[in-house]
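Structure first, commentary second.
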There are 2 protein chains.
Amino acid sequence: MISDKTAAAPPGASDLQRLADALAPVGDGGLRERKKRARRELLIDATHRLVDAHGLDAVTVEAICAEAGVSTRTFFNYFETKDDAVLGHVPWPVESDAARTFAAGGPSGHLLADLQVLIGAVLGEPPVGRDRFTRAFELAAREPRLLARHIAWFEQHKGQVVALVRERLGADPDRDPEVVASLAMFLTHATFLRWDAAGGAGEGADHLAHVVAELRALVAE
Amino acid sequence: MISDKTAAAPPGASDLQRLADALAPVGDGGLRERKKRARRELLIDATHRLVDAHGLDAVTVEAICAEAGVSTRTFFNYFETKDDAVLGHVPWPVESDAARTFAAGGPSGHLLADLQVLIGAVLGEPPVGRDRFTRAFELAAREPRLLARHIAWFEQHKGQVVALVRERLGADPDRDPEVVASLAMFLTHATFLRWDAAGGAGEGADHLAHVVAELRALVAE
DNA sequence: CACTGCAATTGCAGTGTGTGCAATCTTGCA
DNA sequence: TGCAAGATTGCACACACTGCAATTGCAGTG
């Protein structure tokens, strides 16, 4: 157990419960929801702490669970893979007003420009804290195995982009939705690279703008 | 053992040896080299056969080794992972005359056009048989786990491209080698997608040309 | 507050991947 | 033929991950 019993906690109030309560303002559901989220955070934090201390390969799932005070079986109810916990992967919903605007052909009517707007919007609302996100990105850059999983997680979202592009383009034979979606992935990926190289500073949309500008220059040249 | 003892084989001539002998014209090394390559092929073939018959998850390394007549321990001397055997991964050397030309600033002087030439050249000399390559790609398209590994293997080569781009560009502050290399990866990836969608028909360079044209249209629009 | 439906946690036993090590066999070479 | 280097193998083992059945905890109802 990790709990520091400094203040006399009310009986029955576990670490988990306190954490869940602390999340109350954010949580929109009942106690059940909050606890679930809290435990997820707890596990990811424990994982990061141990990996920082001992390195990825020296950390076992068992150790993580001991640190978090949870059974190993429960761990695998939260994450498919040990690596997923390390990366703190959470689905990143592409749906939004921006997505609907894009699918409808807006806002400008120029495919590339609108793609840039869409990606910028998605980049603006990450599903997890920015610090944790960049942390995951750094780890992935170092460990090839994690990179594979990171890319896979990333690639999972391509399907949503393909759907949006397809909706926008209809049956245009000159545009392959797969290729357009791949381009979107490239833009996002390159943006992340620059973002990471900048130490996580600045806004995603700005880095994205730079990448798009570079692409335009490359093609125009 | 799987060997069919139909014809009376000369004593001492195992399946492996015969296979190694068959590879003799291709092999440049001694018997040792040929046997090693032969065994590699043997294992990949066995893996493909079993995966085709029973599906990826139903095939164990043990079964593969039984089929190939090799100990499981040996299997892992050849491949880091079961998935690597399924995909038949082999490093794809980017170095070539085309690579040196590109690094030197040729052949046309236009970065994107020359990138296209470079990728086309690399695509023209795959390190393994084309049939096996497309087979691997199909498998990867179906199984998300394999896709991850495939992309990771793919991404491993980015370093070489970055080096080439850096050599070509020198210290141009307006061009980020990472971004250019990512673009190259995107072009290659999209080419593979089209190639696969076409059932493996046609030349890689042609599909690539189509992708580049689409990119130009997108940017110009 | 007692009661009940349902979700989450847990223990346990088992499968399969992948590794280190030492013994054994094969190949290349003198 | 005999020796040194390389490859294969068996064995023991750590670890990731899964299915199942039992238990615990939350939420809503009367």
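The values are calculated or read from the model by the stated rules, or taken from the named source; none is laboratory data. Remember, it's a predicted structure, so these values are computed and weren't measured experimentally. Heads up, the Cβs are rebuilt from the backbone with ideal geometry, glycines too, and the neighbour counts pull from every protein chain shown.
Each residue in region A:41-63 was checked for being crowded, with 20+ Cβ neighbours inside 10 Å, under 21 Å from A:Leu147 (Cα atoms) and either in the same structural domain as A:Leu146 (by TED's automatic domain parsing) or within 12 Å of DNA strand C (Cβ to nearest atom) (or both), and 1 pass.
Put simply, of A:Ala163, A:Ala184, A:Ala140 the only residue that is of a type in the set (A, V, I, L, M) and more than 15 Å from A:Leu111 (Cα to Cα) is A:Ala140. With respect to (1) within 22 Å of B:Ile151 (Cα to Cα); (2) at the interface with another protein chain (Cβ under 10 Å from one of its Cβ atoms), the lone exception for A:Ala163 is condition (2). Within region B:193-221, the residues that satisfy the criterion of being more than 10 Å from chain A (Cβ to nearest Cβ) and hydrophobic (A, V, I, L, M, F, W, C) are B:Trp195, B:Ala198, B:Ala201, B:Ala205, B:Leu208, B:Ala209.
When you check A:Glu143 against the structure, is it on the phi < 0 side of the Ramachandran plot and either touching a Lys or Arg at 6+ places or on another chain (Cβ under 6 Å) or modelled with pLDDT of 90 or more (or both), yes or no? Judged against the criteria, A:Glu143 is not a match. Of all residues in region A:40-64, those that are more than 19 Å from A:Arg132 (Cβ to Cβ) and either near DNA strand D (Cβ under 9 Å from one of its atoms) or within 14 Å of chain B (Cβ to nearest Cβ) (or both) total 6. If you go through region B:166-188 and keep only what is more than 11 Å from chain A (Cβ to nearest Cβ) and either in a helix (DSSP H, G or I) or in contact (Cβ under 8 Å) with a residue 24 or more places away in the chain (or both), you end up with B:Arg166, B:Glu167, B:Arg168, B:Leu169. If the condition is being of a type in the set (Lys, Arg) and more than 13 Å from DNA strand D (Cβ to nearest atom), then region A:69-102 contributes only A:Arg100. Go through region A:125-148 and give me each residue that's under 12 Å from the mean Cα position of the chain (by Cα) and either outside the structural domain of A:Gly199 (by TED's automatic domain parsing) or in a helix (DSSP H, G or I) (or both). Across region A:125-148, the qualifying residues are A:Arg130, A:Asp131, A:Arg132, A:Phe133, A:Thr134, A:Arg135, A:Ala136, A:Phe137.
Check region B:150-164 and report whether any residue there is touching a residue at least 60 places away in the same chain (Cβ under 8 Å), more than 30 Å from A:Val212 (Cβ to Cβ) and part of a helix (DSSP H, G or I). Within region B:150-164, none of the residues are touching a residue at least 60 places away in the same chain (Cβ under 8 Å), more than 30 Å from A:Val212 (Cβ to Cβ) and part of a helix (DSSP H, G or I).
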